[in-house]
Amino acid sequence: MIQQPQGIIFDFDGTILDSPRIGVEFCCQAARILKLPLPEGMRGQLRKLWGRPADELIHTCWPNANVEEFLREWERIEASQGVPMFSGMKEILTFLGEQYVLSILTSRQKQTLWRQFSDHNIGSFFRFVYALEDCPFPKPDPRSIDLLFHDYHRIGVKRNSLIYIGDSAGADYPLAKAAGIDFIGVTWGHSTRQDFESAGLESEKIIDSIDDLQKLLSDFK
């Protein structure tokens with residue numbers, strides 16, 4: 001059972017930002033521009049890897065690519081075309097921000113994260129923000145969340161009153177489990193309900209819509 005929360009830690013891509021779907025296409029666009037191979041099945045491979053740091057994803061799919069050049073092209077495409085938030089997400093952040101201390105823990109690079117905050121005018125919702133460059137230990141390494149725990153402790157929010165919300169059964173949920181905090185899995189991003197259940201997450205902690213998120217958290221007020 002989820003305890004009465006005081007703080008909520010959000011993943012970003014696939015949880016708040018609708019990037020897994022459109023991000024795979026941007027990645028493939030960058031590969032075409034750089035004349036890198038796009039064999040059949042590449043989109044599926046990218047979806048499986050989604051949630052890992054971008055440089056790791058690029059190196060895994062295109063070992064011979066110039067990662068910095070690829071990242072620059074990918075960022076240019078993303079900046080020019082834009083990435084939407086999930087419908088209703090800004091409203092839920094407004095609602096939750098009035099009641100909980102919100103934060104972000106993401107594998108996205110800081111520069112592109114702040115651009116998305118600016119594009120969607122959501123940066124003010126989050127008290128603490130940790131991007132890829134802020135911690136040498138990427139998710140799901142439990143050390144990736146230590147700095148956030150320190151920040152919450154500093155303002156009087158205990159670890160057992162935190163909830164982590166994410167879309168990855170392979171990165172977000174294992175991190176929360178290893179760190180000993182409650183977790184809510186969302187199925188509108190990377191992982192399915194079956195993925196979360198196969199990873200061991202209880203079905204009542206898996207939600208399929210943003211409306212379900214507000215209802216689930218309201219049950220613990």
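Put simply, of Val24, Val101 the only residue that is under 30 Å from Ser161 (Cβ atoms), in contact (Cβ under 8 Å) with a residue 12 or more places away in the chain, surrounded by 15 or more Cβ atoms within 10 Å (Cβ to Cβ) and touching a Lys or Arg at 6+ places or on another chain (Cβ under 6 Å) is Val101. Can you find a residue that is modelled with pLDDT under 95, in contact with a helix residue (DSSP H, G or I) (Cβ under 9 Å, 6 or more places away or on another chain), of a type outside the set (Ser, Thr, Tyr) and under 27 Å from Glu25 (Cβ atoms) anywhere in segment 94-107? No; the residues of segment 94-107 include none that is modelled with pLDDT under 95, in contact with a helix residue (DSSP H, G or I) (Cβ under 9 Å, 6 or more places away or on another chain), of a type outside the set (Ser, Thr, Tyr) and under 27 Å from Glu25 (Cβ atoms).
Listed here are the residues, each with its yes/no results for (1) among the charged types (D, E, K, R); (2) at negative phi.
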position	(1), (2)
Ile58	no, yes
Cys61	no, yes
Asn66	no, yes
Phe70	no, yes
Gly82	no, no
Met89	no, yes
Tyr100	no, yes
Pro136	no, yes
Asp141	yes, yes
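For Gly189, the conditions (1) small (Gly, Ala, Ser); (2) touching a Gly at 6+ places or on another chain (Cβ under 7 Å); (3) surrounded by fewer than 16 Cβ atoms within 10 Å (Cβ to Cβ) all hold with the exception of (3).
Scanning segment 118-143 for residues that are closer than 19 Å to Asp167 by Cα, at pLDDT 95 or above and either hydroxyl-bearing (Ser, Thr, Tyr) or part of a helix (DSSP H, G or I) (or both) turns up just one, Tyr130.
Counting only residues that are touching a strand residue (DSSP E or B) at 6+ places or on another chain (Cβ under 8 Å) and assigned to a helix (DSSP H, G or I), segment 101-116 holds 2 of them. Selection of first residues in segment 108-124 that are closer than 15 Å to Glu91 by Cα and of second residues that are open to solvent by less than 20 Å² (accessible area, probe 1.4 Å), restricted to Cβ pairs under 6 Å at least 6 apart or on distinct chains, gives the following pairs, ordered by first then second residue: Gly123/Phe117. Working only within segment 22-34, note down all residues that are part of a helix (DSSP H, G or I) and either closer than 15 Å to Val83 by Cβ or among the hydrophobic types (A, V, I, L, M, F, W, C) (or both). Correct list: Ile22, Gly23, Val24, Glu25, Phe26, Cys27, Cys28, Gln29, Ala30, Ala31, Ile33. When you check Gly189 against the structure, is it small (Gly, Ala, Ser), under 16 Å from the mean Cα position of the chain (by Cα), closer than 20 Å to Leu217 by Cα and modelled with pLDDT under 95, yes or no? Yes.
As a summary of the residue check, Gly44 satisfies the conditions (1) open to solvent by 50 Å² or more (accessible area, probe 1.4 Å); (2) without any contact (Cβ under 8 Å) to a residue 12 or more places away in the chain except for the one numbered (1). Go through segment 127-158 residue by residue and tally those that are among the aromatic types (Phe, Trp, Tyr), without any contact (Cβ under 8 Å) to a residue 40 or more places away in the chain and buried (at least 16 other Cβ atoms within 10 Å of the Cβ). Qualifying residue count, segment 127-158: 3. If only residues of segment 163-180 that are assigned to a loop (DSSP other than H, G, I, E, B) and in contact (Cβ under 8 Å) with a residue 60 or more places away in the chain are counted, the one that is surrounded by the fewest Cβ atoms within 10 Å (Cβ to Cβ) is Gly170.
The values are calculated or read from the model by the stated rules, or taken from the named source; none is laboratory data. All of these numbers come straight from a predicted model, not from anything done at the bench. Please note: Cβ atoms are built from the backbone with ideal geometry, for glycine as well, and neighbour counts cover all protein chains shown. In case anyone asks, the SASA skips ligands and DNA or RNA and just uses the protein heavy atoms, side chains included. Shrake-Rupley method; radii C 1.70, N 1.55, O 1.52, S 1.80 Å.
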